[in-house]
Each structure stands twice: as C-alpha cells, then as structure tokens.
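Each remark here refers to the structure printed beneath this line.
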Amino acid sequence: MARSYKHMETSVIHEGYDSKEMLGSLTTPLFQTSTYTFDTAEQGERRFAGEEEGYIYSRLGNPTVKVLEERIAALENGERGLAFGSGMAAVSAVLIALTKANDHVLCSVGLYGCTFGLLSMMKEKYNISHSFSTMETEEEIRSQIKPETTCIYVETPINPTMKLIDLEMVARVAKEYDIPVVVDNTFASPYLQNPLELGCDVVLHSATKYIGGHGDVIAGLVVGKKEFLDEVAMTTLKDIGGVMSPFDAWLLLRGLKTLPVRVDRHCDNAEEIFKRLKSHPNVEAVYYPGDNTHPDYHIMKKQMRRGGGVISFEIKGTKQDAQQFLNNLSFLKIAVSLGDAETLIEHPATMTHAVVPGDSQRDMGITDQLIRLSVGLEAWQDIWQDLEQALNKITVSLDAYSKA
Ligand SMILES: Cc1ncc(COP(=O)(O)O)c(C=O)c1O
C-alpha cells in the first residue's frame, strides 16, 4: 500500500481507516469477536471457497487487525502488512516460509537471542544451516552466499551492539542472486528507517517495542510483497496460528498515532544521555548510532532519520560490577524490552542474549560489562541523575581492573 499522505506524522494517524465506514467512530472500533455469522449455509460455502469476500474466523482475518495491517503497510511503503501475536511469531513465520530442509540462511553478526535460538532449532531439526556475516562489503557478502542460501536475514541497528548494516548495499548484492532480504526493523521503528525503500524484500517488527510504545502489548508486524505475504497468511500464519488479538491491534493503533512524537523525544533524550555517558570515567565505551564517531555513522546518515533511543555501553569493571550498577539504580527499571515510556536497562549477556553460548556472544561483541539502555520519555536530567549516581558507585573492582 503506497502512503496516502506526504508525511509520516499524518499516515500514523489516518492510513487504512475511514470513519464514514464505521458509523462515524473517530477511533477504530474493536471487533472483539472470534467468529462471524453467515446468512446462509451457501454463503459459508462461498466464503470458504474464496468466491465471496467477507470474514470467516478471526484467525483468518479481523476488521480491527486489518486496519493495523493496512496502516503498517503504508508506513513501510509495502504492498501488504500482516499482524502476529508476537515479534517472534513474525520472525518464525517468515523464516519458515522462506526455507525448507537443507537450505541456508545468511545472517548479520548479532541477532536477538530468540532469533538465534530459533535458527539453532531449525538447524537441529531440519538441517537448515545459518552463518554470520559482518556484511561490511559486497565481497564479504558474496563470499558467504551458498547455492542453498534462500534468505538473508539482517538486524540493523543490531541488538544489543548497535552496529549498523548498509541495507541498500545488501539488497543490491542479494538481487544478483535473487535471494530475498528480510530486515528486523524493531530498533529503528518505521519512523526512523524504511528498509523496503532501500530495496529489501521483507521488513518485520517486534511491535511490542516502539510501535506499541507503552509496555502493554506483545505483538509482531511484517510488511512485504503481496504475493509473498498472501502465502504467509494462508500457511505459516494461519496454520501455525500465531495471530494477533483484536484488542492488541486496537492498542497498537492507539500507540502508533504518537510514534513520531515519541521517537523524536526518545532520540532527543538519548542524545543527551549519550554525551554524558561518553565522558563518565567509569564508562569504557559507548555505542550509539547517532554518535558522529561511531564507525557506522555514515550508514546512519544514509538510511536512518536519527540515531534512535537505544544506547549500549560497557562499564569499567567486572560482571559483578555491571550487576551492582543495575542494582544501584533508584527509579530506572531493570527490565528487558525497549521503546517504552519508561527507561529500561538490562544486562544482555545474562538476559536477552543468555541463550547465545559464550563463544558466540563474544563473536557478537556481547561482553559481561555490556549494558543496554532503552532511553525513555522521562526528563533526561532525571534519567542522567540516576545513571550517574549508580555509575559513581562502581568502585569495588576498579582497582583490580586498572592493574589488569
Ligand atoms: C530485535 C528484536 N527482534 C525480535 C524480538 C522479538 O519480539 P517479541 O518479544 O515481541 O516476540 C525482539 C524482542 O526483544 C527484538 O529485540
């Protein structure tokens, strides 16, 4: 669905919904129903045979969910959108649709822990192999494509290291081999980055994060070509069954209306916090795409509107110091997830990426000292005050650290 409005700020509010068709209701009505009645047995037969348009059963389609699917399709500039019960339901439906036994998936170095877990399971059960590439150059990508590669799967910004991948370059190389490129766009949100416009084939989101934005929904969204998503809708979505509930779609439609306002504020706050983290003596390194000394800053400028709301940083000290730092925070919340109004902070090595074995964690750049911070919508001064007082308390192992 092409965007009907010139500006994303208007699209997030109006796409896919016409109040005239819904008795003038300003907000999208919540169709909280599992099934739909047929006027006659013959009508039921026609609907199942696909000879007549209309709803049948909410696992196959629901009017509230449909508005959300049309809205996300417009925001990502794709032909069709599909809604799922979680980000992982979306990831698994897409990966299963694009592979069969003995195929190969080429991935970015660094993936969300459960995506890594899913790929490991697919290898064990169906011999669908995967390998990791930095995707830094065209040659690097070409050298890792195999005859059995059926999908290139990329996260950017990468969770939790905040490295970036040049999507336009990956899409260009993939086209030479006719391999679809799938992008997990969760960290950027559709407001900051639109992978389909850069030539990629499928974009997916954990809508749990910035799209929902209020920490009250688990959900996933996918956008891509109609032909591919029609197939997903009738196979890995319908038959595996990871569908979105109408109420969650209703909450996401509400959350989406403020996406640009929220994400701009997340970015403003993250920029302030980044500067201060960078000069704190107990911080070893800070990873933020909006940093003009970040090695991938040129990619950020090319494909993202701004640097986003997530910052990762390494503290000086040990794993225990990292944990003690989290324990010393006063009002900032220790929690996984991101993109919520509340600032959330976590320890990837033992939380979101705990399923990734130690060696692979090191390859992905996940150390025991790494902290992931999703900067919330509170006043940045309050966020910094809490972070600073907890950082100042990291003294226990610092002596040993400086002698090492
Ligand atoms: C980058 C990324 N992709 C996918 C997921 C999975 O989404 P969900 O938790 O909604 O299933 C997450 C969850 O944290 C994530 O960070």
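Does segment 50-80 hold any residues that are crowded, with 22+ Cβ neighbours inside 10 Å, over 17 Å from T28 (Cα atoms) and touching a Leu at 6+ places or on another chain (Cβ under 6 Å), and which are they?
Residues satisfying the conditions are E76, G78.
Could you look through segment 81-102, keep only residues that are more than 8 Å from the ligand (Cβ to nearest atom) and polar (S, T, N, Q), and pick out the one that is nearest to G242 (Cα to Cα)?
Step by step, filter segment 81-102, then rank; the result is S92.
Which members of segment 337-368 meet the condition of being buried (at least 19 other Cβ atoms within 10 Å of the Cβ), within 12 Å of the ligand (Cβ to nearest atom) and closer than 22 Å to V154 by Cα?
Passing the criteria: L338, G339, P348, T352, H353.
Select from segment 247-292 the residues that are within 30 Å of G85 (Cβ to Cβ) and of a type in the set (K, R) and list them in ascending order.
R254, K257, R262, R265
For segment 2-48, which positions are closer than 30 Å to L196 by Cα and of a type in the set (G, A, S)?
Answer for segment 2-48, where residues must be closer than 30 Å to L196 by Cα and of a type in the set (G, A, S): A2, S4, S11, G16, S19.
I'd like to check something: does segment 117-136 contain any residue that is away from the ligand (no atom under 16 Å from the Cβ) and touching a Lys or Arg at 6+ places or on another chain (Cβ under 7 Å)?
Taking every residue of segment 117-136 in turn, at least one turns out to be away from the ligand (no atom under 16 Å from the Cβ) and touching a Lys or Arg at 6+ places or on another chain (Cβ under 7 Å).
With the requirement that a residue be in contact with a Pro (Cβ under 8 Å, 6 or more places away or on another chain) and either surrounded by fewer than 16 Cβ atoms within 10 Å (Cβ to Cβ) or acidic (D, E) (or both), what does segment 275-315 give you?
Scanning segment 275-315 gives a single hit, D296.
Please verify whether segment 166-174 includes one or more residues that are surrounded by fewer than 24 Cβ atoms within 10 Å (Cβ to Cβ) and within 27 Å of V336 (Cα to Cα).
yes
If you take the residues of segment 203-216 that are aliphatic (A, V, I, L, M) and near the ligand (Cβ under 9 Å from one of its atoms), which of them is surrounded by the most Cβ atoms within 10 Å (Cβ to Cβ)?
For segment 203-216, the residue satisfying everything is A207.
Starting from segment 247-276, keep only residues that are more than 21 Å from R71 (Cβ to Cβ), then list their pairs with residues that are of a type in the set (D, E) whose Cβ atoms are within a distance under 8 Å, requiring at least 6 positions of separation or different chains.
N269/E378; F274/D291; R276/E388
For segment 254-286, how many residues are of a type in the set (K, R), closer than 27 Å to I211 by Cα and assigned to a helix (DSSP H, G or I)?
Counting residues in segment 254-286 that are of a type in the set (K, R), closer than 27 Å to I211 by Cα and assigned to a helix (DSSP H, G or I) gives 4.
Within 17 Å of E140 (Cβ to Cβ) and either within 16 Å of the ligand (Cβ to nearest atom) or touching a residue at least 12 places away in the same chain (Cβ under 8 Å) (or both): which single residue out of L196, L164 fits that description?
L164
Do we have S4 as surrounded by 10 or more Cβ atoms within 10 Å (Cβ to Cβ) and in contact with a His (Cβ under 9 Å, 6 or more places away or on another chain) here?
Judged against the criteria, S4 is a match.
Taking segment 145-165 only, how many residues are surrounded by fewer than 24 Cβ atoms within 10 Å (Cβ to Cβ) and polar (S, T, N, Q)?
Matching residues across segment 145-165 total 3.
Hey, among K238, K225, which residue is more than 16 Å from the ligand (Cβ to nearest atom), of a type outside the set (S, T, Y), modelled with pLDDT under 95 and closer than 16 Å to A83 by Cα?
After applying the criteria, what remains is K238.
The values are calculated or read from the model by the stated rules, or taken from the named source; none is laboratory data. Model, not experiment: these values are computed from the prediction. Neighbour counts run over all protein chains shown; Cβ positions are idealised from the backbone, glycine included.
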